[in-house]
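J.: Before I ask anything, let me first share the structure, which is written out below as structure tokens.
The values are calculated or read from the model by the stated rules, or taken from the named source; none is laboratory data. Since this is a predicted model, take the numbers as computed values, not measurements. Quick reminder, even Gly has a Cβ in these numbers, built from the backbone with ideal geometry, and neighbours come from all protein chains shown.
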Amino acid sequence: MRGIEGLIPIFHRRWAGSVLAELARDDRALAGRSRVGAMAARLGAHPESVRKSIGSLVELGVVERNPGYGHPLRPEYVLSARGRALAPRFLELDDRLRGLELLELAQRKWTLPILYVVRDEGHRFRDIGLALAGVTDRALSMSLKDLCGAGVVAREVVDGAPPRPVYGAVGAGVEVGELVESLVA
């Protein structure tokens, strides 16, 4: 993926990252095949949400229908060549987010892209918004508030004329931002 712009479409759907992680788990255990219903049950998600996430991943070229399985009403999905390269890193990220108890927060659309942007140093609100194509001011504001509330991003007011708030990852946020950076590489 080239930069965070390549990952934003994956993070657009709440369950897409978890679907990639599940397909990576399946790749190790079940020859990499999975149906929507079984995956939804394992994720604790509604099947329609998982179906939409898979559809999005198919459009992005990281997941494809299993060509060796022909049932039209219960299709199986497998990782494409591009997905096989990406999915193990999503599995690592998913496992770490579960360990940190941040998975639910991370499944929100802008959480992981924001952590990627603020992972290294303090950034102004406007700079974060410019780095994330498509984020609205309201979505960015709400996401930063949630991340600050979870203790993974800190807001600091820098003295000056006028004073300006800057945001930076702290604690587990730094680690998660670095894991997202490994997805971008």
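J.: Is it the case, given these coordinates, that Gly17 is part of a helix (DSSP H, G or I) and either aromatic (Phe, Trp, Tyr) or at pLDDT 90 or above (or both)?
T.: Working: part of a helix (DSSP H, G or I): yes; either aromatic (Phe, Trp, Tyr) or at pLDDT 90 or above (or both): yes.
Judged against the criteria, Gly17 is a match.
J.: Follow-up. Tell me the helices (runs of 4 or more DSSP H) entirely within segment 98-169 that contain at least 3 residues that are surrounded by fewer than 17 Cβ atoms within 10 Å (Cβ to Cβ). Before you say what the answer is, go through the steps one by one.
T.: Numbers: elements: 103-106, 111-117, 125-131, 137-149.
Counting at least 3 such residues, we get 125-131, 137-149.
J.: A further question follows. With the condition kept exactly as written, say whether any residue in segment 126-140 is under 13 Å from the mean Cα position of the chain (by Cα), at pLDDT below 95 and not polar (S, T, N, Q). Step through it out loud before you land on a result.
T.: In the first step, residues of segment 126-140 are kept if they are under 13 Å from the mean Cα position of the chain (by Cα); the result is none.
Checked segment 126-140: no residue is under 13 Å from the mean Cα position of the chain (by Cα), at pLDDT below 95 and not polar (S, T, N, Q).
J.: Tally time: how many residues in segment 170-185 are acidic (Asp, Glu) and loosely packed, with under 13 Cβ neighbours inside 10 Å?
T.: If we filter segment 170-185 for residues that are acidic (Asp, Glu), which is where we start, we get 175, 178, 181.
With loosely packed, with under 13 Cβ neighbours inside 10 Å added as a condition, the list becomes none.
Residues flagged as acidic (Asp, Glu) and loosely packed, with under 13 Cβ neighbours inside 10 Å within segment 170-185 amount to 0.
J.: Filter segment 57-78 for residues that are of a type in the set (A, V, I, L, M, F, W, C) and in a loop (DSSP other than H, G, I, E, B); which is farthest from Gly6 (Cα to Cα)? So that I can check it myself, show each step before the final result.
T.: Applying the first criterion (of a type in the set (A, V, I, L, M, F, W, C)) to segment 57-78 yields 57-58, 60, 62-63, 73, 78.
Add one more test, that the residue is in a loop (DSSP other than H, G, I, E, B), and what stays is 62, 73.
Details: Val62: 12, Leu73: 31 Å.
Once the filter is applied, the top-ranked residue is Leu73.
J.: Checking the structure you have, find out if any residue of segment 167-177 is at positive phi and among the charged types (D, E, K, R). Break it down into steps so the answer makes sense when it comes.
T.: So in segment 167-177, the residues at positive phi come out as 171.
Those still in the list that are among the charged types (D, E, K, R) too: none.
No, every residue in segment 167-177 fails to be at positive phi and among the charged types (D, E, K, R).
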